[in-house]
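Chemist: Quick one: this structure, given as structure tokens, is what I'll be asking you about.
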Amino acid sequence: MDAAAPKPGENQGEPLPRIDARLKVTGQAHYPADLPTANIAYGALSTSSIARGRVTKLRLDDARAVPGLLDIVTYGDMDKVEKPKFGNSGATSIGPLHDRTIFHDGQIIALAVAETFEAAEEAAQLIRAEYEEEKPTASFDSPGAKTVDAAGKNPMHKEDVKAGNFDAAYAAAPVRIDARYSTPTQHHNPIELFSTTAFWQGDQLIVHEPTQNVTGWKVELARQLKIDPANVRILSPFIGGAFGSKGPMTPRTAIVAVAAKRLGRPVRCVTSRMQAFGTQTYRAETRHRIRIGAGRDGRITAFAHEGWEVTSRADAYVVAGTSATGRMYDYGSVLTHVSLVEADRNTPGYMRSPPETPYVYALENAMDEMAVTLGMDPVEFRRINEPKVEPIGKKPFSSRSLIQCYDQAADAFGWAKRDPKVGAMRDGDWLVGMGCATAIYPTAAAPCAARVRLTSDGDVRVQCGSHEIGTGVRTVAGQMASERLGVPIDKVNVEMGDSSLPPAPVSGGSISTASVCSAVLKACDAIRTKLSVGATAEGRPLAGSHNEELDFADGKIVAKGGASAKIEDVFKIMQVGAIDEYAEFAPKGATPGALKKLYAGQPEFHGGDHDEDSVKYAFGAEFVEVRINRYTREIRVPRIVGAFAAGRIMNTRTARSQLMGGMIWGIGQALQEATEVDGRYARYVNRDLQDYLVPVNADIRDLQVILVPEVDHAVNPAGVKGLGELGNVGTAAAVASAVYHATGNRIRDLPIRIDQLIA
Amino acid sequence: MRPFVYEQPNDISAAVAIASRFTTDDEQPTRANAQFIAGGTNLADYMKLGVAVPNRLLDLNRLEEPALRQIRVSDDGIRFGALVRMGEAADHAEVKRRCPVIADSLRLAASGQIRNMASLAGNILQRTRCEYFRETSWPCNKRVPGSGCAAMEGFNRQHAVLGASDACIATYHGDFAQALIALDAVVRAEGSRGARKVPFARLHRLPRDTPHIETDLAADEIITAIEVPAVAWARRSRYLKIRDRESYAFALASAAVALDLDGDSVREARIALGGVATVPWRARAAEAALQDKKLDEASADAAAQAAFADAESRQHNAFKVELGKRTLVRALLETRDMKV
């Protein structure tokens, strides 16, 4: 075992290497823009250079003169196609070519299609738009910004949570803080660029595009094109980074499909990194006001969290992380309110832990401020306010191991050696600071279908229309089948990323491992039942044994007393060559129509704070050390430790990898990451990886992930809490806390850069 | 991408001849019909983005003169061939020993992959990364003379506080150039009017009201070598680069410092500043302030004040004035404390 392959603890699975690792590192994994290769025409987008107004004229002559140009799809060409819808499967309701109105910077105004990529690019650059320009609203505080209540505007946020009488409790509290925080615009910037490749075989439309939602896209694309969903196939077997950006379908997909239809040949459009800033989704900037009232003993009596989020004029995208922050501690009274601020921007969308990243950042920064105000150790302050039930609905937590996480992480980090006095710790010219924060992410699951086949040779095929977005879900689904059926992992083949497979929910909300593994588990158990019956019937090798007492291991069925039968022999006795089981999983609380909705690409999410019996969350604690040069004030992070508890860990290697990636991203969010918006024009300025900074290897030094054992049978049959989005929650607050400890500067606006520390 | 003609001349005179045929005397090298390419790490990017639009590229990588690829160390100093790659020079033992500031400045620039491709001459001629210059839908006086400057009142966190004009505040982002200007380097160039030597300090032009004129070079002139004289202050020299992340980022502020000390006292100081100016920036006032002084935190601070006395900042780059001063103070003290 090494750091990358942690030794499994209680209720933790083996750190098997990813089953597709070799394909990926040897270039044999084919990503959506790699296929198909024959007879391809290339598309390039032309996008708007204004954020608000109308396209009055489009000059196409220069573009049409480019040798090799085949077609230009623009206004009028999409009239027979339905406009996109905003929702789970659709990024925006803006149909960019349905209407000459410009809603945001970088909006698609045309698609140029040519024989070569170079010609398409050249033509797209030569398309000239004339505009009737209006003064755009860029963001908060911009002229024309409209603020509305978020509650009820989006099914994701029905109401603002509250409990008790905040005003009275806050007024009576002997210790109070009232502080404002902000987080910047962020774009996902996955290394794999966004692309659509579409072609038609008769009535059948085949689309290769990196997506986290093949089933949802199949249905939504069919709706837009007014064709039968059965005639649409979406393929996305490998994805080079998604982080939510490839969850909802953008308008480009239908535009490329129309271009392919017009030309009668495959069309591939890979958007440039610059264009992705305007044509895809992003994490919108947020603002927060937090008030906390507490007794001198450190017990919180009043908590208020107000949030403001930017969205587009077209769509009410909302994250409302107050549903998590309002349940985090034993507050006494809770008041929350979320507002949306409409601006001339593209519609935001899911980005790794969409609600928790900004809202928990604000909460945990405020918790640290309150601990300082109380003169209390920040870990102790959280321990004092650990709840027995969540404060909103007074429901129990299905499991909550936050304090165990704090204790183990603090121990590994050496928190006890921290001198709490601000600025007291130094190493030569470097100021040393240490801070911590809580991570939380709701545990949800959605209906999911899977098919598992076991042959008499012991080969297993798992089919599920989920998506390998880098999390390792293909591996853990295979691991589940391998464990349940008693066959080695190298005999297991897992197919995913194809809308013709049994449907799975969108790979978002950290639900995939729980949902997929629960469905695979069910299918495997159906196979076990058939084999068990075959093995235990009168006159069979394990006659007399009860099905539930049988174990499947090493290619054998093993009875309680030790008697066993080879699975291949049981197949022979049964006179069958393969057993193929199709299973549908529905989480507890699913509505009667839940499975139908799965096939319609509208999966129901259950768990988190939605269930009647309990609330379900995964937790973690992160500790960070920063070093800040006393002259030049650059901030470096030599050490970070995170301890996380998330129920059953299917594979300690992939779990650690997910959490590590999250923590690294959290450091980037704390110190580097921000999309800059030019307020005059409502346009993004730093639209490439030169100016949009994320951590490089040199930024990440000693990073430790601790997987705290936890058992939770209430969450789902697999006992799994999703952790894909847990790791980057709280990290930025831990960094802010450490920066304060080193310097005495409380930075409330992310990212924390030299600019703020040098004044 | 626009179509262009690609040629690979065999020697310098052939390259100059072709360039001379396809360019005119009044054409700026960065706007000329025919342009030279070596590592391609800057020009190829800008061609893809439509910022650079040459119709003819002259690839210098086939030039047969061996000296173009050599680093020659002698008692007179170090001569770098123009096609030497950044990585080679950064790793060269004698360069590291004799002129640490040069090795530092190269090692701290770009990424390993880029350093293996980029030529030294191309490096010093790299163009600004101003966000508004890079993207052709913005007005930019450097890209399209007279079109205006979007950065002036825009997002200008990266922009220059020294050497700016009303027409342009774009930063010169290179690192190597600060080391060269501090060490009184000379550039050798060959064009249709013959060969000549240009003091490095005269190579780059301040933006003034003509930010599109970036260098002293003619469109058909090729840099053939960079010469660094042997000077007493070269060995005690250092490049300090402050940036938003630990690697692979441009300087927010940097300082190249070379010192000749007499005990604690400064016999000669050479100072150049990066990340804060529109061109490679020699801080002569700061050098003068240190002359014959004991180098300590107070005198270093006085030098830093002198270096930024004329600084002008805008909405987002005001922090660079203070950061630039502190970077210089830290660089001076760290250079003083070097074991030489």
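Chemist: Leaving out same-chain residues fewer than 8 places away, which lysines sit with a Cα under 23 Å from that of A:K7?
Modeler: Reachable lysines: A:K721.
Chemist: Could you tell me the calculated FRET efficiency between A:A600 and B:T24, based on Cβ-Cβ distance and R0 = 60 angstrom, to the nearest 0.05? If you can, show how the numbers build up before the last one.
Modeler: Values: r = 66 Å, r/R0 = 1.10.
FRET efficiency, A:A600 to B:T24: 0.35.
Chemist: Neighbour counts of other C-beta atoms within 10 Å: give me A:E134, A:E118 arranged from fewest to most. Spell out each step's value before the answer.
Modeler: Values: A:E134 14, A:E118 17.
Sorted ascending by nearby Cβ count, the order is A:E134, A:E118.
Chemist: Could I ask something else about it? Considering every pair of different Cα atoms, what Kirkwood radius, in Å, is found for region B:237-336?
Modeler: 13.4 Å
Chemist: While we're here: Take region B:1-157, compute every pairwise Cα distance, and split them into 5 Å bins from 0; I just need the percent in each bin.
Modeler: Whole-percent P(r) values from 0 Å outward: 2, 8, 15, 17, 17, 15, 13, 8, 4, 1, 0.
Chemist: Rounded to the nearest whole Å³, what is the per residue volume of the convex hull around the Cα atoms of region A:393-537?
Modeler: 217 Å³
Chemist: On to the next question. For region A:154-208, take N as its residue count and report Rg(C-alpha) divided by 2.2 N^0.38 Å. Present the calculation step by step, with values, prior to reporting the outcome.
Modeler: Numbers: Rg = 24.9 Å, N = 55, 2.2 N^0.38 = 10.1 Å.
Working it through for region A:154-208, the quotient is 2.47.
Chemist: Using a Förster distance of 51 Å, how high is the FRET efficiency between A:Q204 and A:E548, based on the Cβ-Cβ distance and rounded to 0.05? Intermediate values should be presented prior to the final figure.
Modeler: On the way: r = 45 Å, r/R0 = 0.89.
Given R0 = 51 Å and the Cβ-Cβ separation, E is 0.65.
Chemist: Something else about it: When the dipole is taken about the Cα centre of chain B, and only Lys, Arg (+1) and Asp, Glu (-1) are charged at their Cβ, what size is it in debye, to the nearest 20?
Modeler: Details: 47 positive and 44 negative charges, 97 e Å.
Charge dipole of chain B: 460 debye, to the nearest 20.
Chemist: Spelling out what I want: for every residue of region A:552-558, take phi, set θ = phi - 60°, compute 6.51 cos²θ - 1.76 cosθ + 1.60 (Karplus), and round to whole Hz; glycine and proline get x.
Modeler: 10, 8, 6, x, 10, 9, 10
Chemist: For the protein assembly as shown, give the magnitude of the charge dipole about the Cα centre (Cβ charges: +1 Lys/Arg, -1 Asp/Glu; no others), in debye to the nearest 20. Don't skip to the end; give the middle numbers.
Modeler: Numbers: 133 positive and 135 negative charges, 34 e Å.
Computed about the Cα centre, the dipole is about 160 debye.
Chemist: Return the percentage of antiparallel bridges among DSSP beta bridges fully within region A:623-759, rounded to the nearest 5 %.
Modeler: Working: 8 of 14 bridges.
Of all bridge pairs located within region A:623-759, approximately 55 percent are antiparallel.
Chemist: Related question: Filter the trypsin sites (Lys or Arg not before Pro) in region A:217-269 to those in DSSP coil with at most 13 other Cβ atoms within 10 Å of their Cβ, and list the result. If you can, show how the numbers build up before the last one.
Modeler: Values: sites: A:K218, A:R223, A:K226, A:R233, A:K246, A:R252, A:K261, A:R262, A:R268; in loops: A:K226, A:K246.
Those that pass, being in a loop and sparsely packed, are A:K226.
Chemist: Something else now. Short version: what are the Cα gyration tensor semi-axes of region A:103-201, square root of 5 times each eigenvalue, largest first, in whole Å? Please report the intermediate quantities before stating the final value.
Modeler: Numbers: eigenvalues 446, 76, 46 Å².
Its equivalent ellipsoid spans semi-axes of 47, 20, 15 Å.
Chemist: Sticking with this one: What list of ³J(HN,Hα) values in whole Hz, one per residue of region A:202-213 in order, does the Karplus curve 6.51 cos²θ - 1.76 cosθ + 1.60 (θ = phi - 60°) give from phi, with Gly and Pro shown as x?
Modeler: For region A:202-213, the Karplus-derived couplings read x, 7, 8, 9, 10, 10, 9, 7, x, 8, 9, 7 Hz, x marking Gly and Pro.
Chemist: Of all GluC sites (Glu not before Pro) in region A:517-552, which ones are in loop regions per DSSP and have a Cβ with at most 13 other Cβ atoms within 10 Å? Provide the component values of the computation, followed by the final result.
Modeler: Values: sites: A:E538, A:E548, A:E549; in loops: A:E538.
Within region A:517-552, the qualifying GluC sites (Glu not before Pro) (loop, at most 13 other Cβ atoms within 10 Å) are A:E538.
Chemist: Rank the residues A:T271, B:T335 as a footprinting-exposure proxy: fewest other Cβ atoms within 10 Å of their Cβ go first.
Modeler: On the way: A:T271 23, B:T335 27.
Fewest-to-most Cβ neighbours within 10 Å comes out as A:T271, B:T335.
Chemist: Can you check what the Kirkwood hydrodynamic radius comes to for chain A, Cα pairs only, in Å to one decimal?
Modeler: On the way: mean 1/r = 0.0367 Å⁻¹.
After inverting the mean inverse Cα-Cα distance, the result is 27.2 Å.
Chemist: For q values of 0.14, 0.17, 0.20 Å⁻¹, compute log₁₀ I(q)/I(0) with the Debye formula on a Cα-only model of region A:446-605, without solvent.
Modeler: -0.68, -0.91, -1.12
Chemist: In region B:16-33, whose amide N lies under 18 Å from the spot 7 Å out along Cα-to-Cβ of B:R196? List them in ranges.
Modeler: Of the residues in region B:16-33, B:16-17, B:19-21, B:23-30 have backbone N under 18 Å from the label point off B:R196.
Chemist: Zone of A:K572 (label point 7 Å along Cα→Cβ, backbone N under 18 Å): which residues in region A:513-554?
Modeler: From region A:513-554, the list is A:531-532, A:534-537, A:539-543.
Chemist: Applying a 10 Å radius around every beta-carbon, put A:157-166, B:269-278 in order of their mean neighbour count, most first.
Modeler: Numbers: A:157-166: 18.2, B:269-278: 28.1.
Ranking the peptides A:157-166, B:269-278 by packing returns B:269-278, A:157-166.
Chemist: Further question on the same structure: Can you pick out the pairs among B:K241/B:K320; A:K85/A:K218; A:K388/A:K417 whose Cα atoms lie more than 19 Å from each other? Before the final figure, lay out the partial values.
Modeler: On the way: B:K241/B:K320 13 Å; A:K85/A:K218 14 Å; A:K388/A:K417 30 Å.
Cα-Cα > 19 Å for A:K388/A:K417; rest within.
Chemist: Near the amide H of A:A41, under 5 Å away, which other amide H atoms are found, from residues 5 or more places off or on another chain, if H is placed in the peptide plane?
Modeler: For A:A41, the qualifying residues are A:V267, A:R268.
Chemist: Next question. Please identify which residues in region B:187-218 have an amide N closer than 20 Å to a label point set 7 Å out from the Cα of B:D76, following the Cα→Cβ vector.
Modeler: B:187-191, B:194-202
Chemist: Using the Cα gyration tensor of region B:5-60, with a ≥ b ≥ c the square roots of its eigenvalues, what is the shape: rounded (a/c below 1.5), prolate (a/b larger than b/c) or oblate (neither)? Please list the in-between numbers first.
Modeler: Numbers: a/c = 2.23, a/b = 1.28, b/c = 1.74.
Because a/c hits 1.5 or more and a/b fails to exceed b/c, region B:5-60 counts as oblate.
Chemist: Still on this structure: Within 10 Å of each residue's Cβ, count the other Cβ atoms and sort B:D166, A:D749 from fewest upward.
Modeler: Details: B:D166 11, A:D749 15.
Neighbour counts put them in this order, fewest first: B:D166, A:D749.
Chemist: Once R0 is set to 22 Å, what does the formula 1/(1 + (r/R0)^6) return for the Cβ-Cβ distance between A:S339 and A:A179, expressed as a FRET efficiency to the nearest 0.05?
Modeler: Working: r = 18 Å, r/R0 = 0.80.
FRET efficiency, A:S339 to A:A179: 0.80.
Chemist: Continuing with the same structure: Return the subset of A:K162/A:K597; A:K24/A:K596; A:K83/A:K153; A:K153/A:K226; A:K158/A:K616; A:K24/A:K246 for which the Cα-Cα distance in this structure is over 24 Å, preserving the input order. Walk me through the intermediate numbers first.
Modeler: Values: A:K162/A:K597 31 Å; A:K24/A:K596 35 Å; A:K83/A:K153 20 Å; A:K153/A:K226 28 Å; A:K158/A:K616 19 Å; A:K24/A:K246 19 Å.
With Cα atoms farther than 24 Å apart: A:K162/A:K597; A:K24/A:K596; A:K153/A:K226.
Chemist: State, to one decimal in nm², a quarter of the convex hull surface area for the C-alpha atoms of chain B, i.e. the direction-averaged projected area. Provide the component values of the computation, followed by the final result.
Modeler: Numbers: hull surface 64.2 nm².
That works out to 16.0 nm².
Chemist: OK, next. State the dimensionless ratio Rg/Rh of region B:141-277 (Rg: radius of gyration of Cα atoms; Rh: Kirkwood radius).
Modeler: 1.02
Chemist: Follow-up. If you stretched the chain out fully between A:K158 and A:A172, how much longer would it get, using 0.36 nm times the residue separation minus the C-alpha to C-alpha distance? Walk me through the numbers on the way to the answer.
Modeler: Numbers: separation 14, 0.36 × 14 = 5.04 nm, distance 3.03 nm.
That works out to 2.0 nm of additional length.
Chemist: Within 10 Å of each Cβ of A:692-701, how many other protein chain Cβ atoms are there on average? Walk me through the intermediate numbers first.
Modeler: On the way: counts 0, 5, 1, 3, 6, 3, 5, 6, 1, 1.
For this peptide, the per-residue mean of nearby foreign Cβ atoms is 3.
Chemist: Can you work out the Karplus-derived ³J(HN,Hα) for every residue in region A:140-146? Use 6.51 cos²θ - 1.76 cosθ + 1.60 with θ = phi - 60°, whole Hz, and x for glycine or proline.
Modeler: 3, 6, 6, x, x, 5, 10
Chemist: Region A:345-413: which trypsin sites (Lys or Arg not before Pro) are DSSP loop and have at most 12 other beta-carbon atoms within 10 angstrom? Intermediate values should be presented prior to the final figure.
Modeler: Working: sites: A:R345, A:R352, A:R382, A:R383, A:K388, A:K394, A:R400; in loops: A:R345, A:R352, A:K388, A:K394, A:R400.
Taking region A:345-413 and a limit of 12 other Cβ atoms within 10 Å, the loop trypsin sites (Lys or Arg not before Pro) found are A:K388, A:K394.
Chemist: Setting aside same-chain residues fewer than 8 positions from B:K294, which lysines have a Cα under 21 Å from its Cα?
Modeler: B:K325, B:K339
Each reported figure results from applying straightforward, stated rules to the coordinates on display, with no laboratory input. Because the structure is predicted, anything quoted here is derived from the model rather than measured. Positions of Cβ are generated from backbone atoms using ideal geometry, with glycine treated the same way; all protein chains shown enter the neighbour counts.
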